[in-house]
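The values are calculated or read from the model by the stated rules, or taken from the named source; none is laboratory data. All of these numbers come straight from a predicted model, not from anything done at the bench. Note: ideal-geometry Cβ built from the backbone for every residue, glycine included; neighbour counts use all protein chains shown.
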Amino acid sequence: MQNNSGLETVRVAMAGNPNSGKSSIFNALTGSRQHIGNYPGVTVEKKEGMFREGERSVHVVDLPGIYSLTSYSQEEVIARQHIVESKPAVVVNVIDASNLERNLYLTLQLLEMGLNVVIALNMMDEVEKRGIELDVDMLSRRLGCYVAEVVGHKNIGIDNLKKTILKAFDRGGTETEVIYRAELGREVEKIVKELKQFKDIPYPEQFAAIKLLENDTEVVARLKRQEDSEALFNQISSSIHRLENLYGYPPEVLIGDRRYGYVSGLVKEITIRAPAIDRITLTERIDTLVTHRYLGIPLFLLTMYLIFWMTFTLGHPPMRWIEKGLSLLTQKIDSFWPSGASLMLKSLINDGIIGGVGGVIIFLPNILFLFLGISFLEDTGYMARIAFIMDKIMHKIGLHGRSFIPLLIGFGCTVPAILATRTIRSEKTRFTTIFILPLMSCGARLTIYLMVIPAFFPRSWQAPVLWSIYLIGILLALLLAKLLRKSLFRGEAEPFVMELPPYRMPSMKAIVLHMWDKSWQYIKKAGTIILAVSILIWILLTFPRVETKLQVNPPSGQQAQLSEESIRQKQLMESYAGRIGRIIEPALKPMGFDWKIGTSFIGAFAAKELFVAQMSIVYSIGDSETSPETLREVLRKNYSPLTGFCIMIFALIGTPCVATLAVTKKEMGSWKWVAIQWAGLTGMAWVVTTAIYQLGRLL
Amino acid sequence: MMKIGALSESLEDYLEIIYQLIQETKEARIKDIADRKNVSMSSVIPALRRLSKENLVNYKTRGIVTLTSQGQNLAARLLGRHEFVKYFLMSLLDVPEEIAERDACLFEHYMSPETFRKMVMFFEFVDTCGMNIRSHFEDYIANLDKQGDGEICPAPECPFKNDSFRRRQRWGMVKTLSSLSPGESGRVARVQADTAIRQRLIDMGVLPNVVITVERMAPLGDPIEIKLRGYHLSLRKEEADAIILYPST
Ligand SMILES: Nc1nc2c(ncn2[C@@H]2O[C@H](COP(=O)(O)OP(=O)(O)OP(=O)(O)O)[C@@H](O)[C@H]2O)c(=O)[nH]1
Ligand SMILES: [Mg+2]
């Protein structure tokens, strides 16, 4: 293929078992920064990159991991479709050399497909550490394809791999023998003969014949659509019948057995030296502790506690610095604002932009520490164990062991949590998890609780109240999950068959890069969506302007303050937000809210922490020097503790924020789900809050 | 545990009869025992006394006999052995049922444990070996009998095929993966899951004759972690229930 710059283009795809190091090698080849983690199923989408080698430009596609070419889960379908249908010129089959047998099982299938395979023999460092010696030449000769040894995460052997890819491209194919003999081979041949009469089937004949014997849904459906396929399917069913009678097993077992048989023979042949390991490996020793009958769960809880502690405690000082910096900035703008210039613009900058965007940016340190913790869990291999430990509980409520990880992340922020649900294979389980995620009380909502609780509750009550809010969220989430799995997302439970990778030491470099990517994403979000919505809300709170007669000479400072305050109040009442607030007031009444709280919840829709800022504007304490103490006093004067509690419950359950909705749309693919989620949660919030308020009033 | 063969043939028979009676009618009366064994009631009494001295039965004068746990255990093993031998003769060697029954009665008392063990192993081998010995043998006999043509015989549709798993479970020859405890291992006999999950298990290398070791259970008892082909896999007990193994000794 020739592109317009005169460079020849070579299309390459990465294929291999999950967690074999495909993305590590992809990153090394193309200089990209795809996400890497030590558990199966990190990559869930196609990712593209490229490198140049001499006069050629090589386009590489990183794919999700697969164990075989059978379509099983959604992201595996992506990988198979890419390999089978878009026919890359070279397929780099990444193999975990410390786990040859299972990895080579896929290799055989890729070769059966007639693909131009290059083997990247990865994790050679671990092989050496174990004192294993492999005859790589023999492997190459027996499979009839090129083999390059690499250590993916350390960039070792990458240049050689690049050259090998192009060598394979020039050769244009592999020299591989067929491994199906005897009765099975005979039946395969018979089917191939039948297949010859069809011209335009998108698969190689041998591959199609085997898939037909295995009764692969996709291939069978594809050929059923073909005209005159009757003879073919008669041949297939007679072959299946014959093999089953002959061996007592269905063909797919026979085929699997044949492949694994071949592979284990091959592994024996190429292993020159393999010291018998009778010592217990480090991984096994760690697992004995980490998944211990009695210690396992407490250890897990402790780990999570440490991560939250780190998030809140270590994140606090830098958060204060940013806060200070922002308030300094506001003051500076205040004092340097030219006297003739528009006050409106100043308000937009100070209240709207710095208030809104800054309110989000101050949580950057917390978010960073949270992600540091999570990337530690991911890179060491502990993540897979968490799914293992928690699967039983999750299974009971209709979720999956893998659902637990996003739920944990949700205590930090719902947005990355929704992204993390991609590792859940079954769509119904995944959607259920996304739906209930907003009930995990996030860091932004914590600011609301921190404002409300000290205002209404005596010190000894504060911790239990906070605890009860989180608990209500979790209980509702469990209930909702169970309900959703019985209604909207009814379906079979997804089986739990997951590989547990060996523990690995996370590399400092990878973690730092990961942190950097995360902060950048976060800042980008603050600079785009949050900025836009903040401005919008500021507009809603500021317009339309009411006619005010400004007194030219205020008699005293005290009175000027007062009159300014009343003007603001009036302005607010008449603003779009105020009008909306009063329109929806009847709906708010049963929950014990007035229009002021209602308006603030409209603000909280942009980002939950805006509720606090907005309440203070509503109560005309917009002055940046006012400490939160005074707002608390105002709240205490105006509302009962019951209303306070109801504010928190409503903030917990209702109106997921804009960012959550945007990510939900992206992940679930349709605004319909977003609408259902938003309306469902808000409705639920209304019902629960009303119930609490009305019951509370009776007591 | 009491060894098979430590008692006399006739005492072993008594034990089996009592066991069967309890299974069938919930209780064993001396009269019924005598009927079944085809002897007089007076000759049943001394046998019961001896069995009771070995602590195998509880025998009270009122005419109802019960088994001690030791007796029950021995009787079950004797019967399992009886059944196995009969099945072996019928299904493998194509011996008619009456003859198989009679011979099984003899074998069960006199065959050494070593021979019995080898017979079980041979049976397993024939059942799992891809070379399909059983059908070749049946083919051979069919040809001897009928001098017919050499087409593959229909023997795999053997009448015992469907319930053979339950039988073998009773003989203690196969177990499900979920019934193994951590540290135990076994060789896969077959996978009984439905198509989608079975294909996944095949792809992960769960195939006949692969050795699987149970490493541990999750703290809440489910899922379990297993080791096969040099790597670690976790699956729910639900899935593990579908994997049938020959437990290693
Ligand atoms: N010891 C060692 N570890 C490696 C090597 N290459 C990758 N790793 C580690 O293996 C783990 C998996 O790497 P990934 O690149 O995410 O694997 P993947 O194949 O893309 O995984 P999926 O996207 O889940 O299919 C990470 O913890 C890497 O740091 C290697 O050559 N040696
Ligand atoms: Mg990857």
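Give the residue that is farthest from B:Met41 (Cα to Cα), with candidates limited to residues of the range B:59-111 that are buried (at least 17 other Cβ atoms within 10 Å of the Cβ) and among the polar types (S, T, N, Q).
The selected residue is B:Ser91.
Answer yes if at least one residue in the range A:230-240 is facing chain B (nearest Cβ under 9 Å) and closer than 30 Å to B:Arg134 by Cβ, and no otherwise.
Within the range A:230-240, none of the residues are facing chain B (nearest Cβ under 9 Å) and closer than 30 Å to B:Arg134 by Cβ.
What do you reckon, is A:Gly157 within 16 Å of ligand 1 (Cβ to nearest atom), away from chain B (no Cβ under 14 Å) and not basic (Lys, Arg)? Walk me through it before giving the result.
Details: within 16 Å of ligand 1 (Cβ to nearest atom): yes; away from chain B (no Cβ under 14 Å): yes; not basic (Lys, Arg): yes.
Yes: the conditions hold for A:Gly157.
I need the full set of residues from the range A:79-97 which are part of a helix (DSSP H, G or I) and out of contact with any Lys or Arg (no Cβ under 7 Å at 6 or more places or on another chain), in order please. Talk me through it step by step, then tell me what you get.
Narrowing the range A:79-97 to residues part of a helix (DSSP H, G or I): A:79-85, A:97.
Across the range A:79-97, the qualifying residues are A:Ala79, A:Arg80, A:Gln81, A:Ile83, A:Val84, A:Glu85, A:Ala97.
Within the range A:484-499, take every residue that is facing chain B (nearest Cβ under 10 Å) and of a type in the set (A, V, I, L, M) and give me the one that is nearest to A:Gly41 (Cα to Cα).
A:Met498
Yes/no per residue for (1) modelled with pLDDT under 85; (2) in contact with a strand residue (DSSP E or B) (Cβ under 9 Å, 6 or more places away or on another chain); (3) more than 16 Å from ligand 2 (Cβ to nearest atom); (4) more than 14 Å from chain B (Cβ to nearest Cβ):
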position	(1), (2), (3), (4)
A:Val10	no, yes, yes, yes
A:Asn17	no, yes, no, no
A:Phe26	no, yes, no, yes
A:Asn38	no, no, no, no
A:Gly41	yes, yes, no, no
A:Phe51	no, yes, yes, yes
A:Leu63	no, yes, no, yes
A:Ile66	no, yes, no, no
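In the range A:172-197, what residues are closer than 16 Å to A:Leu143 by Cα and of a type in the set (A, V, I, L, M, F, W, C)?
Of the residues in the range A:172-197, the ones closer than 16 Å to A:Leu143 by Cα are A:172-180.
Answer for the range A:172-197, where residues must be closer than 16 Å to A:Leu143 by Cα and of a type in the set (A, V, I, L, M, F, W, C): A:Val178, A:Ile179.
Quick one: count up the residues across the range A:607-633 that are part of a loop (DSSP other than H, G, I, E, B) and either at pLDDT 80 or above or surrounded by fewer than 24 Cβ atoms within 10 Å (Cβ to Cβ) (or both). Steps first, please.
Start the filter on the range A:607-633 by keeping residues that are part of a loop (DSSP other than H, G, I, E, B), which leaves A:607-609, A:619-627.
Going one step further and asking which of them are either at pLDDT 80 or above or surrounded by fewer than 24 Cβ atoms within 10 Å (Cβ to Cβ) (or both), we end up with A:608, A:619-627.
So the count comes out to 10.
On the given criteria, is B:Arg49 among the charged types (D, E, K, R) and either more than 24 Å from B:Ser112 (Cα to Cα) or in contact with a strand residue (DSSP E or B) (Cβ under 6 Å, 6 or more places away or on another chain) (or both)? Reasoning before the result, please.
Values: among the charged types (D, E, K, R): yes; either more than 24 Å from B:Ser112 (Cα to Cα) or in contact with a strand residue (DSSP E or B) (Cβ under 6 Å, 6 or more places away or on another chain) (or both): yes.
When the stated conditions are applied, B:Arg49 passes them.
I'm trying to understand the selection: among the residues of the range A:16-64, which are in a strand (DSSP E or B), closer than 16 Å to A:Asn122 by Cβ and more than 10 Å from ligand 1 (Cβ to nearest atom)?
From the range A:16-64, those in a strand (DSSP E or B) are A:16, A:47-53, A:56-62; that's our starting set.
Applying the additional criterion that residues be closer than 16 Å to A:Asn122 by Cβ yields A:16, A:60, A:62.
Hit for the range A:16-64 is A:Val60, nothing else.
Taking the residues in the range A:386-422 that are more than 14 Å from chain B (Cβ to nearest Cβ) and β-branched (Val, Ile, Thr) as candidates, determine which candidate is farthest from A:Asn366 (Cα to Cα).
A:Thr421
Considering only residues of the range A:108-145 that are within 16 Å of ligand 2 (Cβ to nearest atom) and either more than 14 Å from chain B (Cβ to nearest Cβ) or among the aromatic types (Phe, Trp, Tyr) (or both), which is farthest from the chain's Cα centre (by Cα)? So that I can check it myself, show each step before the final result.
Looking only at the range A:108-145, we keep the residues that are within 16 Å of ligand 2 (Cβ to nearest atom), and these are A:120, A:122-123.
Restricting the remaining residues to those that are either more than 14 Å from chain B (Cβ to nearest Cβ) or among the aromatic types (Phe, Trp, Tyr) (or both) gives A:120, A:122.
Values: A:Ala120: 28, A:Asn122: 26 Å.
Step by step, filter the range A:108-145, then rank; the result is A:Ala120.
Checking the structure you have, find out if any residue of the range A:274-285 is farther than 29 Å from A:Tyr180 by Cα, more than 9 Å from every other protein chain (Cβ to nearest Cβ) and in a helix (DSSP H, G or I).
Yes, some residue in the range A:274-285 is farther than 29 Å from A:Tyr180 by Cα, more than 9 Å from every other protein chain (Cβ to nearest Cβ) and in a helix (DSSP H, G or I).
With the checklist (1) within 39 Å of the chain's Cα centre (by Cα); (2) within 11 Å of another protein chain (Cβ to nearest Cβ); (3) surrounded by fewer than 16 Cβ atoms within 10 Å (Cβ to Cβ) in hand, flag the one item A:Leu254 doesn't pass.
(3)
Answer yes or no: is there a residue in the range A:203-223 that is closer than 18 Å to A:Val84 by Cα, at pLDDT below 90 and of a type in the set (Phe, Trp, Tyr).
Checked against the condition, which is being closer than 18 Å to A:Val84 by Cα, at pLDDT below 90 and of a type in the set (Phe, Trp, Tyr), the range A:203-223 yields at least one hit.
Here is a yes/no grid of residues against (1) among the aliphatic types (A, V, I, L, M); (2) at pLDDT 85 or above:
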{"residue": "B:Asp35", "(1), (2)": "no, yes"}
{"residue": "B:Leu51", "(1), (2)": "yes, yes"}
{"residue": "B:Gly71", "(1), (2)": "no, yes"}
{"residue": "B:Pro113", "(1), (2)": "no, no"}
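If A:Pro298 satisfies all but one of (1) part of a loop (DSSP other than H, G, I, E, B); (2) more than 23 Å from B:Ile226 (Cβ to Cβ); (3) within 14 Å of chain B (Cβ to nearest Cβ), what's the number of the condition it fails?
Result: A:Pro298 fails condition (1) only.
Scanning the range A:160-184 for residues that are touching a residue at least 24 places away in the same chain (Cβ under 8 Å) and within 14 Å of another protein chain (Cβ to nearest Cβ), which turns out farthest from ligand 2 (Cβ to nearest atom)?
Only one residue fits best here, namely A:Glu183.
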